[in-house]
Amino acid sequence: MTTIIEKRNNQVFWYLAYILFFVAILIFSALILTRVNGGVPSGITTFDLVLIILATFRLTRLFVYDKVSKFFRDWFLDEENLISQDGELLVARTRPEDGPRRTGLELLECPWCVGVWFATFVVFFYYLTPVAWYFILILAVSGVSTFIQILSNMIGWRAEHLKNKVNNK
């Protein structure tokens, strides 16, 4: 029998708090949509569903991976200013040991987790106002271009790998 020893996780309270906050957002959004639209919408076209999926994909990728939103992820890290031997100012960023920032960071590091949150916001705004459709369309087009870029990178890396394999024989 294998024994796994790991540090005790004291984040259970904050995990529960984030879950309850998410449930509150769901309930609050349903109440707003009921008040604005006379009920919670129950239908969507296939095209709009695809747009929402792509917009959610792009937002998730933006906040989990992209450099432009690194500043947002850094809010959840502890920072310490250091001075190098050359006198250059450096910043050391570390994960908080526990607390709400630790849970927020763990959420932002998980594309599946943050994707659920962004899907909630995208769907809410889609049903709230027609103006949101414009922004969802932009995110969806950006999501398709991101996917094409990822796919072309994979093809290029595969081709490089095969070329190197042939050249090294």
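The values are calculated or read from the model by the stated rules, or taken from the named source; none is laboratory data. For clarity, every value in this text was computed on a predicted model and none was experimentally measured. Positions of Cβ are backbone-derived with ideal geometry, glycine not excepted, and every protein chain shown enters the neighbour counts. Accessible surface areas use protein heavy atoms only, side chains included; no ligands, DNA or RNA. Shrake-Rupley method; radii C 1.70, N 1.55, O 1.52, S 1.80 Å.
Cβ contacts < 6 Å: first residue closer than 9 Å to S142 by Cβ and at pLDDT 95 or above, restricted to region 53-67; second residue open to solvent by less than 40 Å² (accessible area, probe 1.4 Å) and of a type in the set (A, V, I, L, M), any location; separation 6+ or different chain. Result?
That search, which allows pairs on different chains as well, returns L54/A140; A55/V122; A55/I136; A55/A140.
Looking at region 125-134, can you tell me whether even one residue there is touching a Pro at 6+ places or on another chain (Cβ under 7 Å), assigned to a helix (DSSP H, G or I) and open to solvent by less than 90 Å² (accessible area, probe 1.4 Å)?
The first filter runs over region 125-134 and keeps only residues touching a Pro at 6+ places or on another chain (Cβ under 7 Å), leaving 127.
Narrowing the set further to residues that are assigned to a helix (DSSP H, G or I) leaves 127.
Imposing the further condition that a residue be open to solvent by less than 90 Å² (accessible area, probe 1.4 Å) reduces the set to 127.
So far as region 125-134 goes, yes, one or more of its residues are touching a Pro at 6+ places or on another chain (Cβ under 7 Å), assigned to a helix (DSSP H, G or I) and open to solvent by less than 90 Å² (accessible area, probe 1.4 Å).
Scan region 143-169 residue by residue and report those that are within 24 Å of K67 (Cα to Cα) and of a type in the set (V, I, T).
Within region 143-169, V144, T146, I148, I150, I155 meet the criteria.
Could you list, in sequence order, all residues of region 97-132 that are without any contact (Cβ under 8 Å) to a residue 12 or more places away in the chain and in contact with a helix residue (DSSP H, G or I) (Cβ under 7 Å, 6 or more places away or on another chain)?
C113, F125, A132 - these are the residues of region 97-132 that are without any contact (Cβ under 8 Å) to a residue 12 or more places away in the chain and in contact with a helix residue (DSSP H, G or I) (Cβ under 7 Å, 6 or more places away or on another chain).
Identify, please: which residue in region 23-47 is in contact with a Phe, Trp or Tyr (Cβ under 7 Å, 6 or more places away or on another chain) and outside any loop (DSSP other than H, G, I, E, B) and is, among those, surrounded by the fewest Cβ atoms within 10 Å (Cβ to Cβ)?
In this case the residue turns out to be N37.
Can you pull out every residue in region 104-116 that is open to solvent by 60 Å² or more (accessible area, probe 1.4 Å), in a helix (DSSP H, G or I) and not aliphatic (A, V, I, L, M)?
Of everything in region 104-116, just one residue is open to solvent by 60 Å² or more (accessible area, probe 1.4 Å), in a helix (DSSP H, G or I) and not aliphatic (A, V, I, L, M), namely W112.
With respect to R95, determine if the residue is closer than 21 Å to W112 by Cβ, open to solvent by 30 Å² or more (accessible area, probe 1.4 Å), in contact with a Pro (Cβ under 8 Å, 6 or more places away or on another chain) and not aliphatic (A, V, I, L, M).
Details: closer than 21 Å to W112 by Cβ: yes; open to solvent by 30 Å² or more (accessible area, probe 1.4 Å): yes; in contact with a Pro (Cβ under 8 Å, 6 or more places away or on another chain): no; not aliphatic (A, V, I, L, M): yes.
So R95 fails the test.
How many of the residues in region 76-90 are within 24 Å of the chain's Cα centre (by Cα) and in a strand (DSSP E or B)? If you could, list the steps in order and put the result at the bottom.
Step one: list which residues in region 76-90 are within 24 Å of the chain's Cα centre (by Cα), which gives 76-79.
Now drop any that are not in a strand (DSSP E or B), which leaves 78-79.
Within region 76-90, residues that are within 24 Å of the chain's Cα centre (by Cα) and in a strand (DSSP E or B) number 2.
Out of (1) modelled with pLDDT under 95; (2) surrounded by 11 or more Cβ atoms within 10 Å (Cβ to Cβ); (3) farther than 21 Å from C113 by Cβ, what's the single condition that is false for W14?
Condition not satisfied by W14: (3).
Answer with yes or no whether R101 is open to solvent by 70 Å² or more (accessible area, probe 1.4 Å), in a helix (DSSP H, G or I) and at pLDDT below 95. Before you say what the answer is, go through the steps one by one.
Details: open to solvent by 70 Å² or more (accessible area, probe 1.4 Å): yes; in a helix (DSSP H, G or I): yes; at pLDDT below 95: yes.
Considered against the rule, which asks whether it is open to solvent by 70 Å² or more (accessible area, probe 1.4 Å), in a helix (DSSP H, G or I) and at pLDDT below 95, R101 comes out as yes.
Under the condition of being open to solvent by 40 Å² or more (accessible area, probe 1.4 Å), touching a Ser or Thr at 6+ places or on another chain (Cβ under 8 Å) and not charged (D, E, K, R), which residue from region 63-91 is farthest from F118 (Cα to Cα)?
L90
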